[in-house]
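Heads up, the thing below is written out as structure tokens.
Read-outs throughout are calculated quantities, based only on the coordinates presented, and are distinct from any laboratory measurement. Quick caveat, the model's predicted, so the values are computed rather than measured. All Cβ positions, glycine included, derive from the backbone under ideal geometry; neighbour counts span all protein chains shown.
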Ligand code: GLY
């Protein structure tokens, strides 16, 4: 789950997943409904409604779902505008198409075709945050000259990984991406294997933080593969983080967090 998530939202996310499972819902139902809580709550500045917009002041959301009992099937949306629950659209991409990812205008058209309503995702707080950023544009604008060492400012993201009593596993990831990101930027959250990965025989993993680096090491896939080789989830998360650290000569100038869950219900997290 996101590190910046309001504590009330965090609790509601987990209790929602639990309630869905208790009522006989699938792990994917539980993960989707749980992530919807965060997407719809404007107190979470990093996911969906109320999140910080891109550099031009509008939201482009990324999300993915992956479901073990559905044959480890997956769906994703990227740069989706004006829809409050991108993970639910990602689920429909998985369930109602033979595609894996829809982006931008195509994703929006698909969402509207399935009855999603276009809404304004900007809250007053997010607008003020954006204006303050515009008024203080500096090295935090995501553009930088070639070869310059740069300390990235991340946004954040929600991953929910669910294991049910049958041993079935699903995961959902959703994000606004980086605060004030360049229009069209897509991070790791909708990339299967980077921001999310599920193998129903092994476990699941998700990533938050600086998505470009998660993509470069296939972070979630790598964590699940390490669990397949016998690592506990905590070891697997550490392995992925160490891989990233090593790629940056021991001094990564960004944050990245990996969470993982195995079939036995053990979980791990490392940043
Ligand atoms: N991990 C979220 C992003 O980079 O978009």
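Can you tell me the alpha carbon radius of gyration of the range 1-145 divided by the globular rule-of-thumb value 2.2 N^0.38 Å?
1.12
Using DSSP, restrict attention to beta bridges with both residues in the chain and report what percent are antiparallel, rounded to the nearest 5.
So the antiparallel bridges in the chain amount to around 90 percent.
For residue 22 and residue 97 in one chain, what is 0.36 nm times their gap in residues minus the Cα-Cα distance, to one decimal in nm?
24.1 nm
Would you kindly calculate the translational diffusion coefficient of the range 180-226, applying Stokes-Einstein with the Kirkwood radius from alpha carbon pairs, for 20 °C and a viscosity of 1.002 mPa s, and quote it in µm² s⁻¹ without decimals?
Here the translational diffusion coefficient equals 201 µm²/s.
Can you give the direction-averaged projected area of the convex hull of the alpha-carbon atoms in the range 164-271, in nm²?
6.6 nm²
For residue 117 and residue 242 in the same chain, what is the full-extension length gain: residue separation times 0.36 nm, less their Cα-Cα distance, in nm?
Between residue 117 and residue 242, full extension yields 40.8 nm more.
How are the alpha carbon pair distances in the range 35-118 distributed across 10 Å bins from zero to the largest one, expressed in percent?
Computed distribution, short to long bins: 20, 50, 26, 3, 0.
Just rank 227, 94, 113, fewest to most, by other beta-carbon atoms within 10 angstrom.
113, 94, 227
Can you work out the base-10 log of I(q)/I(0) for the chain at q = 0.10 1/Å, using the Debye formula on its C-alpha atoms alone?
For the chain at q = 0.10 Å⁻¹, log10 I(q)/I(0) is -0.45.
If we sort 25-36, 230-241 on the protection proxy, mean other Cβ atoms within 10 Å, highest first, what's the order?
25-36, 230-241
For a label point 7 angstrom out from the Cα of residue 216 toward its Cβ, which stretches of the range 242-268 have the backbone nitrogen within less than 15 Å?
242-257
At residue 56 and residue 14, where each label point lies 7 Å from the Cα along Cα→Cβ, what is the point-to-point distance in nanometres?
Label at residue 56, label at residue 14, 4.0 nm between them.
Give the whole-number value, in cubic angstrom per residue, of the convex hull volume spanned by the C-alpha atoms of the range 1-77.
86 Å³
At what distance in nm do the modelled label points of residue 137 and residue 124 sit from each other, each positioned 7 Å from its Cα along Cα→Cβ?
It is 2.7 nm.
Mind jotting down the distance between the C-alpha centroids of the range 55-88 and the range 161-202, whole Å?
9 Å
Relative contact order for the range 1-83: what percent, with Cα pairs under 8 Å and sequence separation of 6 or more?
About 21 percent, as a whole number.
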